[in-house]
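Asker: Can you read through this structure? Questions will come right after.
The values are calculated or read from the model by the stated rules, or taken from the named source; none is laboratory data. Because the structure is predicted, anything quoted here is derived from the model rather than measured. With ideal geometry, Cβ positions are generated from the backbone for all residues, glycine too; neighbour counts draw on all protein chains shown. These area figures cover heavy atoms from the full protein model, side chains too; ligands, DNA and RNA do not enter into them. Shrake-Rupley method; radii C 1.70, N 1.55, O 1.52, S 1.80 Å.
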Amino acid sequence: MTANHAFQEAPPLFGLAGAEDDCIAVRPRGARDRPPSYIADHRARLRDRFMQGGAAAMPDYELLELILFRAVPRQDMKPLARRLLDRFGDFNRVLTAEPGQLLQVDGVGQAIVAELKIVEASAQRLARSRVMNRPVLTSWDALLDY
């Protein structure tokens with residue numbers, strides 16, 4: 001070989017140079033837009049279980065995962081759902097938390113805050129509608145009859 005040939009350094013086989021702790025998965029071309037199959041399968045299983053058994057068939061973290069799926073389409077949401085529940089205590093407190101408090105949780109961005117607030121507003125509207133369409137009990141006798 002002559003001195004005129006320039007040698008280019010080949011990219012590292014595993015991860016990036018200097019980032020030995022990073023794990024980079026190699027996916028086929030065009031696969032960047034699709035979530036890994038285990039995530040897609042997990043999401044489909046959760047949706048199926050919800051459709052078959054409703055919210056009663058799911059623990060809080062899985063119901064929260066279903067909501068988070070809509071805000072973040074290509075990531076595993078179970079760790080974030082668990083962090084939110086650990087921070088706020090229960091499903092209700094996650095939904096009713098102030099946006100600033102939600103943003104303090106690692107992994108929560110504006111899209112997640114918006115999705116949680118949409119669900120909270122929907123729940124409030126549903127509850128208000130159910131109360132508004134009930135007969136008013138105007139006397140003790142009416143209450144006892146009810």
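Asker: List the residue pairs whose Cβ atoms are under 8 Å apart, where the first residue sits in the stretch 89-108 and is under 15 Å from Leu64 (Cβ atoms), the second is loosely packed, with under 14 Cβ neighbours inside 10 Å and not hydrophobic (A, V, I, L, M, F, W, C), and the two are 6 or more positions apart or on different chains.
Answerer: Gly107/Pro79
Asker: Would you check which residues across the stretch 108-138 are outside any helix (DSSP H, G or I) and at pLDDT 95 or above and list them?
Answerer: Of everything in the stretch 108-138, those that are outside any helix (DSSP H, G or I) and at pLDDT 95 or above turn out to be Val108, Gly109.
Asker: Pull up the stretch 54-94, narrow it to residues that are part of a loop (DSSP other than H, G, I, E, B) and closer than 19 Å to Gln110 by Cβ, then point me to the one that is most open to solvent (accessible area, probe 1.4 Å).
Answerer: Filtering the stretch 54-94 for residues that are part of a loop (DSSP other than H, G, I, E, B) and closer than 19 Å to Gln110 by Cβ, the one most open to solvent (accessible area, probe 1.4 Å) comes out as Arg74.
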